[in-house]
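Scroll down for the structure; my scribbles are underneath it.
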Amino acid sequence: MNAAVTIWLILAQNGVNPDSALIARFQGHVADYMKSTGKIKSDLPPLKTTDSRDAVTQREAELAHLIGQSRPSAMQGDFFTPPIAKEFRRLIGIAFQDRRERRIMKSLAHAEPVEGQLKVNASYPPVPLQSMPPTLLANLPELPSSLDYRIVGHALVLRDVQANLVLDFIPKALP
């Protein structure tokens, strides 16, 4: 049994708030991913300090390829299962309440909009990364530093930073 299911079962059996149990289940999926890719990442020789964008891009591609090989059946919904995606949409909806919606939309409008087709185990769209609005991030579960959330259109994306790899996404997550 994987960590996500174990954590969820323990919490559910102990009468924990179902919303908290869903977040714990998501965090279990993240922990499983971190454990399964930790060896892949540590086996690669460290990238030497460089100003060469090509060297960084080549390293990302190599790491993404190795991670993709380790997750050949990965698909949308592996991290964001339907119940977890529903909870994330609820949390995002809370962030968009009141005056915070204007701040989030203003923040997203300042950056170049990211559009494109999303596919699990594919590279994140090749555009400059926009910062995530802090008001929105405050409502989402914290991630390890090697993962982050991104917005593409109205989708929320979970991305491996070092591999620039789309791990999962929630379509129509933002209003």
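Rule-based calculations on the coordinates, nothing more; no lab input. Note that the coordinates shown come from a computational prediction; the quantities given were computed from them, not determined experimentally. Using ideal geometry, Cβ is built from the backbone for each residue, glycine included, and neighbour counts are taken over all protein chains shown.
Straight-line cross-link reach from LYS86 at under 24 Å between alpha-carbon atoms covers these lysines, not counting any fewer than eight positions away in the same chain: LYS119, LYS172. Residue exposure proxy: GLU62, GLU142, GLU87, ordered by other Cβ atoms within 10 angstrom of their Cβ from fewest to most, comes out as GLU142, GLU62, GLU87.
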